[in-house]
Amino acid sequence: MKPGNTLRLGFLAAAAILALGLPAAAQAPELAMLDTLHRGSWDLRLRSDGSHRDICVRSGRELIQIQHNQSGCAHFVVQDDPEEVTVQYTCSGDGYGRTVIRKEGNGLIQLRSQGIQGGTPFSLVGEARHTGPCG
C-alpha cells in the first residue's frame, strides 16, 4: 500500500468512528417531552363523565400509569416525539395499559389510556391542566 493510501484510509476510519458516535451523543433522553411539563398539581378531567382527578407531577412519568398507580411496572416506549409520547406498560398480576400523552403546552396535555386492571377493562380520555404546586 502506498503511503498516501495509508493516510487516506486512516482519515476515513477516524471519520467513520466520529460519525457513528455523533448520533448517539445527539439523541434526546427517552420521553424528554414529559420533562418539559410543569411540575406540581395537575387536574385531569375525564371526558366520559366529567370527573376530576388530581395528580402530583414530579417528573411527568406519573401521567403514564393513571389507572395503575403502583411501582415496578415494565414500560415499553412505542412513540417518543417532542409533542406526543405513547407508552405501553405491564403491571405483573394487575394488568396492563397503553397511554398516549399529547402536549398542547407545558401546562396542558391531552391523555388517552386504556387496558386491563384487575381483570376489568378500562378506557380513559381526558385533558389535564397544571393548577399549581402539589398540596
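Here, each number is a calculation from the coordinates, and none is a lab measurement. From a predicted model like this one, the values you see are computed outputs, not experimental measurements. All Cβ positions, even for glycine, are placed from backbone atoms using ideal geometry, and neighbour counts span all protein chains on display.
Per-structure values
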{"quantity": "Long-range Cα-Cα pairs in the range 29-132 (distance over 21 Å), rounded percent", "calculated": "28 percent"}
{"quantity": "Positive minus negative residues near Ile101 (Lys, Arg vs Asp, Glu; Cβ under 14 Å)", "calculated": "-3"}
{"quantity": "Sites Asp80 and Leu108, calculated FRET efficiency, Cβ-Cβ separation with R0 22 Å, nearest 0.05", "calculated": "0.65"}
{"quantity": "Rounded to whole Hz, the Karplus (6.51, -1.76, 1.60) HN-Hα couplings of the range 80-96, x for glycine and proline", "calculated": "9, 10, x, 10, 7, 10, 10, 10, 9, 9, 10, 10, 3, x, 10, x, 7"}
{"quantity": "Qualifying trypsin sites (Lys or Arg not before Pro) for the range 32-106 [loop in DSSP, other Cβ within 10 Å: at most 10]", "calculated": "Arg58"}
